[in-house]
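Every number in this text was worked out from the coordinates using simple rules, so none of it is lab data. Keep in mind the model is a prediction, meaning the values are calculated, not measured. Because the Cβ atoms are built from the backbone with ideal geometry, glycine has one as well, and the counts that use them run over all protein chains shown.
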Ligand code: FES
Ligand code: FES
């Protein structure tokens, strides 16, 4: 009989929303499960758990990533941001979050944290997107409530306001 080896917990350290995290994790634990179950982060939502719905999207070293498709050990030495990173320490929403509220970009809100993380990253690289481009970006996320119209409006309005603000400052 071949000897079965037990794989122990691994030490990891990473930066979560600007704060250091040091932990021991099972190598097979998903990053989404680690964030929710071990760190109590309920701002990461889990829907399909196989990379389709986008609810679990975080930013990993600045890039949107499905946390249900990663292991927690992969976060070691990296930067992870959740939707909490968008608001100020005092809880004031950022402009994109406020636009979602103004334009009715959410209903139940289950998809919203993941969509905000993707949209924020997208706007950094595409400051003046067309409606078609925003819709294409949103195609990576499933929302069962809104029909997406309010989200598209919110993202376009945020892009315009940021562009106008930048032009006024120049
Ligand atoms: S829970 Fe990760 S993509 Fe659906
Ligand atoms: S607001 Fe309910 S799933 Fe998108």
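Per-structure values
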quantity: Hull-based mean projected area of the stretch 10-86, where the convex hull spans the alpha carbons, in square nanometres; calculated: 4.4 nm²
quantity: Convex hull projection area averaged over all views, the stretch 95-169, Cα basis, nm²; calculated: 4.5 nm²
quantity: Average Cα contact separation per residue, the stretch 10-86, under 8 Å, 6 or more apart, as relative contact order %; calculated: 40 percent
quantity: Amide N proximity, the stretch 138-165 versus residue 90 label position 7 Å along Cα-to-Cβ, cut-off under 15 Å; calculated: none
quantity: Cα-based radius of gyration of the chain once divided by 2.2 N^0.38 Å, which approximates compact folds; calculated: 1.15
quantity: DSSP-defined beta bridges in the stretch 10-86 - what % are antiparallel, rounded to 5; calculated: 90 percent
quantity: Rounded to 10°, Cα long-axis angle of helix 112-125 versus longest principal axis of the chain; calculated: 70 degrees
quantity: Part-to-part distance (alpha-carbon centres) for the stretch 95-113 and the stretch 21-48, which is given in Å; calculated: 24 Å
quantity: Percent antiparallel among DSSP beta bridges (both partners in the chain, rounded to 5); calculated: 90 percent
